[in-house]
Amino acid sequence: GESVGLHLPTLSVQEGDNSIINCAYSNSASDYFIWYKQESGKGPQFIIDIRSNMDKRQGQRVTVLLNKTVKHLSLQIAATQPGDSAVYFCADVRMDSSYKLIFGSGTRLLVRP
Amino acid sequence: NAGVTQTPKFRILKIGQSMTLQCTQDMNHNYMYWYRQDPGMGLKLIYYSVGAGITDKGEVPNGYNVSRSTTEDFPLRLELAAPSQTSVYFCASSQGTGSSYEQYFGPGTRLTVT
């Protein structure tokens, strides 16, 4: 079935370094993606989104890259901070009447001091 | 705005018991969703609603029911609790249209069925 998946379950980075979290999707018709951050014991929190007509989108310290040819997107976090430690999910928004999210299994980001 | 609120935060049920998980949003969003999250996994859609009076099944609806009598509220009902329903449940809402399809999530309800 269609899925959104992640390459690495855990990513450990040094504080101050850049982090790159990857995500692959299988539905070639996917049109809209969202990255969420989930801290322990909390609900997912929106980070950034990107439409399929874009290759790159930047936010505050974050950049999302979309490669439709290989059905892959990545989240880059610049100058990673301890507060960035969390689980990160990419989600595919189904652009039917539901606008439901199809989530991947998540990548845990650990920031070493 | 409080955003999306969920009650209770924690609950332990015995097998066969029933309960209702409450969800309320104050953003006047038409779209509401219930997800469950098993340990170390992503979220899976249980049910969703595109407006008051309209509900539809998601990926894992078995064992659950929902209703949407108002825009604000979207309760999730478990009729005969089973250990397989041990999970964290998240409610979310969104505008569903416009420039962003972001879903706003509540803090979750952690349910244990023993």
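FYI, it's all coordinate maths here, none of it is from the lab. Source: prediction; values computed, not measured. As a convention, Cβ positions derive from the backbone with ideal geometry for all residues, glycine included, and neighbour counts pool all protein chains shown.
Where residues in the stretch B:9-43 are charged (D, E, K, R) and assigned to a strand (DSSP E or B), which of them is farthest from B:SER69 (Cα to Cα)? Give the derivation first.
First, the residues of the stretch B:9-43 that are charged (D, E, K, R): B:9, B:11, B:14, B:26, B:36, B:38.
So of that shortlist, the ones also assigned to a strand (DSSP E or B) come out as B:11, B:36.
Working: B:ARG11: 24, B:ARG36: 22 Å.
In this case the residue turns out to be B:ARG11.
Among the residues of the stretch B:42-69, how many are facing another protein chain (nearest Cβ under 10 Å), surrounded by fewer than 20 Cβ atoms within 10 Å (Cβ to Cβ) and either on the phi > 0 side of the Ramachandran plot or in contact (Cβ under 8 Å) with a residue 40 or more places away in the chain (or both)?
1
Residue check, B:GLN25 against (1) touching a residue at least 60 places away in the same chain (Cβ under 8 Å); (2) farther than 22 Å from A:LYS37 by Cα, all met but one. Which one?
(2)
Can you say whether A:ALA24 is surrounded by 15 or more Cβ atoms within 10 Å (Cβ to Cβ), assigned to a strand (DSSP E or B), more than 10 Å from every other protein chain (Cβ to nearest Cβ) and among the small types (Gly, Ala, Ser), as far as the supplied structure shows?
Numbers: surrounded by 15 or more Cβ atoms within 10 Å (Cβ to Cβ): yes; assigned to a strand (DSSP E or B): yes; more than 10 Å from every other protein chain (Cβ to nearest Cβ): yes; among the small types (Gly, Ala, Ser): yes.
When the stated conditions are applied, A:ALA24 passes them.
Filter the stretch A:60-113 down to the residues that are surrounded by fewer than 17 Cβ atoms within 10 Å (Cβ to Cβ), away from chain B (no Cβ under 14 Å) and in a loop (DSSP other than H, G, I, E, B) and list them by number.
A:GLN60, A:ARG61, A:LYS68, A:THR69, A:VAL70, A:LYS71, A:ALA78, A:ALA79, A:GLN81, A:PRO113 - these are the residues of the stretch A:60-113 that are surrounded by fewer than 17 Cβ atoms within 10 Å (Cβ to Cβ), away from chain B (no Cβ under 14 Å) and in a loop (DSSP other than H, G, I, E, B).
Kindly indicate whether any position in the stretch B:96-114 is more than 9 Å from chain A (Cβ to nearest Cβ), surrounded by 21 or more Cβ atoms within 10 Å (Cβ to Cβ) and polar (S, T, N, Q).
Yes, the stretch B:96-114 contains a residue that is more than 9 Å from chain A (Cβ to nearest Cβ), surrounded by 21 or more Cβ atoms within 10 Å (Cβ to Cβ) and polar (S, T, N, Q).
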